[in-house]
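Reviewing the structure listed below.
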Amino acid sequence: MTSDHHVAPEQVYWSCSPDGGSRIRITGVGTSHAEAVNATTLQEPQQIPLNDLHPSATTATGARRRTGYALDTGVIDSLPAARHVQDLIAQRPHLPVTAMARHAQVPPTTLKDVLRAADRGQQRNVNADVAHRLLLLNAADLPNEARGYGGQSTDAAPVMEHVDRILVEHPEISIAAVARAVTMTVSTLAATLKDVRAGRPRTIKVRFAERLLALNATDLAPAFRKDAVDATPVVEHVRQLQEAYELASIAFIAKTAGVNSSTLTSVIDDHAAGLRRGIHPTMARQVLALTELPAPAFQRRPGVTDVGLVRRLRGLCALGWTLNAIARAGGTTVKSLTDFNQTGSATPSVKAAVLAAWGQLSHRPGPSELARQRALAKRWDPPLAWEEETIDQPTAEPLGTRTAGRSGEWTPDLLRLELEFLRDEGLNWTESLARLGLRSQRAHELLAEGEEAIEPGCPPLRLPSRPQPSHELAA
């Protein structure tokens, strides 16, 4: 303890040891020692020499202390810690900042913020404990490339070859069983196997490599799957689903079926590599029982073109649907639809969204008059101007229902056909005229002209009375 530093109850100190340690809280002060407890649990009472309690983590000469305790002042300037880390980066330019943060037991985002503030010359405070951990970093203690940034590592190729031999000779043993036997995560082992089989360089931690190389069939006997079934039908079923549906990844199929995605992926990868592989019967039943996939996956429609998708999107706008409403119905964003409308090039997710919205909204008018007017100004054709068989053909021309504002092209016969079609769709008189872009008076005039020219014996289309414009179209 320095002459100008006074230890007092309730002060908090943290350990200056490079190995770290718990923070302590002072509960009492004697002539030569202070009573302290763990600052977090308020337990573990101990006696600390006053000479071991310091006002800061550095000495009067600026050297970092490696023994004793430093006063925790809450938050301090991050600049000294940032400069120290910058010096380490200069010494080890190939060491990732995230690896340095992990070694200091500091969140990587915090360290990056500290370094960014120092580069910009900005003032930034940081928790004293975080600064302390960063100041204790030493270049010699940091991980290096030879050992692997996450610890000592070695080439995974010979290890995975050994694992492959076990799986080939004993197809009843799963990758999960091998991973559990060496306390390794299934996803890590499966990813390592996949990379090695593909000829990609891959390292593995030495402790896992030693455990895997020591494995043999006898050690794994308790993990043998006596009830495993052939995985071929499951693999073929997954491939059929992927051929039938867009956006049907293995992970999505596994999630929908309620099975582990990494296990299903490894089964499919092993089958593609020609390895004999069994699968648990419960997993097989769950995957084989999956015959339909929910959104965002959707059935493949190979005839759908980007031109047809643009026509569908613009047709919905002409019907009175805003991009917000279309995006909600399709499960996408307005930005995605706007970009697609401008570029005319659809991603699988945009294709799914437009088709989903088309199926939900194309048979009923939307609530936005502004959307209708904007579409009218751009001369976008409504859904009924297109036939489903030709909407995806680039050379197809709009037929049938005309866009609002083209009432001069109407004929009595064409209007009768359109009204009958809309009547079958459940639209009333007002909704039908709004869809067709006709005023009620003009519609009555056209239909009256048709009545005069109708052939004897043909039943006329009964008109709704003028005082009741919302009257349903008569059958």
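Details
- Under the condition of being surrounded by 11 or more Cβ atoms within 10 Å (Cβ to Cβ), of a type outside the set (A, V, I, L, M) and closer than 20 Å to THR67 by Cβ, the residues counted in region 4-20 number 9.
- Scanning region 174-194 for residues that are without any contact (Cβ under 8 Å) to a residue 60 or more places away in the chain and out of contact with any Lys or Arg (no Cβ under 7 Å at 6 or more places or on another chain) yields ALA177, VAL178, ALA179, ARG180, ALA181, THR183, MET184, THR185, THR188, LEU189, ALA191.
- When region 378-397 is filtered for residues that are in a loop (DSSP other than H, G, I, E, B), closer than 15 Å to LEU319 by Cα and in contact with a helix residue (DSSP H, G or I) (Cβ under 8 Å, 6 or more places away or on another chain), the ones remaining, listed by number, are LYS378, TRP380, ASP381, PRO382, TRP386.
- Taking region 261-274 as the range and being touching a residue at least 40 places away in the same chain (Cβ under 8 Å) and crowded, with 17+ Cβ neighbours inside 10 Å as the test, the residues that pass are SER262, THR263, THR265, SER266, ASP269, ASP270, HIS271.
- Hits in region 386-415 (condition: in contact with a Gly (Cβ under 6 Å, 6 or more places away or on another chain), farther than 18 Å from ASP306 by Cβ and at pLDDT 70 or above): PRO412
- Cβ separations smaller than 6 Å between residues 6+ apart or across chains give the following pairs from region 36-51 residues that are surrounded by fewer than 12 Cβ atoms within 10 Å (Cβ to Cβ) to residues that are not in a strand (DSSP E or B): ASN51/MET1.
- Residues in region 158-196 that are at pLDDT 85 or above, within 30 Å of LEU95 (Cβ to Cβ) and surrounded by fewer than 17 Cβ atoms within 10 Å (Cβ to Cβ): PRO158 alone.
- Whichever residue in region 46-73 is of a type outside the set (A, V, I, L, M) and in contact with a helix residue (DSSP H, G or I) (Cβ under 9 Å, 6 or more places away or on another chain) and, among such residues, is modelled with the lowest pLDDT: THR73
- Residue within region 65-79 that is surrounded by fewer than 16 Cβ atoms within 10 Å (Cβ to Cβ) and under 17 Å from ALA139 (Cα atoms) present: yes
- Hits in region 332-351 (condition: in a loop (DSSP other than H, G, I, E, B) and in contact (Cβ under 8 Å) with a residue 24 or more places away in the chain): GLY344, SER345, ALA346
- Looking across region 346-402, the residues that are assigned by TED's automatic domain parsing to the domain that holds ARG311, crowded, with 19+ Cβ neighbours inside 10 Å and β-branched (Val, Ile, Thr) come down to VAL350, VAL354.
- Selection status of LEU134, closer than 21 Å to GLY68 by Cα, modelled with pLDDT of 80 or more and surrounded by 14 or more Cβ atoms within 10 Å (Cβ to Cβ): yes
- Taking the listed residues ALA371, ALA375, the one that is in a helix (DSSP H, G or I) and free of Cβ contacts under 8 Å to residues at least 60 places away in the same chain is ALA371, with no other qualifying.
- Note on region 286-302: residues that are exposed (fewer than 14 other Cβ atoms within 10 Å of the Cβ) and assigned to a helix (DSSP H, G or I) total 0.
- Subset of region 307-326 [in contact with a Ser or Thr (Cβ under 6 Å, 6 or more places away or on another chain) and either at pLDDT below 90 or polar (S, T, N, Q) (or both)]: THR322
- Screening THR31 with (1) at positive phi; (2) exposed (fewer than 12 other Cβ atoms within 10 Å of the Cβ) gives one miss only, at (1).
- Residue count for region 223-249, restricted to those that are over 15 Å from ALA289 (Cα atoms), modelled with pLDDT of 85 or more and aliphatic (A, V, I, L, M): 1.
- Region 227-260, subset crowded, with 17+ Cβ neighbours inside 10 Å and among the hydroxyl-bearing types (Ser, Thr, Tyr), residue nearest to the chain's Cα centre (by Cα): THR256
- Test: residue in region 100-109 that is assigned to a loop (DSSP other than H, G, I, E, B) and at negative phi: yes
- Positions within region 203-222 being surrounded by fewer than 15 Cβ atoms within 10 Å (Cβ to Cβ), in a loop (DSSP other than H, G, I, E, B) and either within 27 Å of the chain's Cα centre (by Cα) or modelled with pLDDT under 85 (or both), in sequence order: ASN216, ALA217, THR218, ASP219
- Test for ASP306: is it within 23 Å of ALA248 (Cβ to Cβ), in contact with a Gly (Cβ under 6 Å, 6 or more places away or on another chain) and either among the polar types (S, T, N, Q) or surrounded by 13 or more Cβ atoms within 10 Å (Cβ to Cβ) (or both): yes
- The listed residues are ARG442, ARG462, and the only one of them that is assigned to a loop (DSSP other than H, G, I, E, B) and either modelled with pLDDT of 50 or more or farther than 24 Å from GLN373 by Cβ (or both) turns out to be ARG462.
The values are calculated or read from the model by the stated rules, or taken from the named source; none is laboratory data. This structure is a prediction, so every number in the text was calculated from the model and none was measured. Cβ: placed from backbone, ideal geometry, glycine included. Neighbour counts: every protein chain shown.
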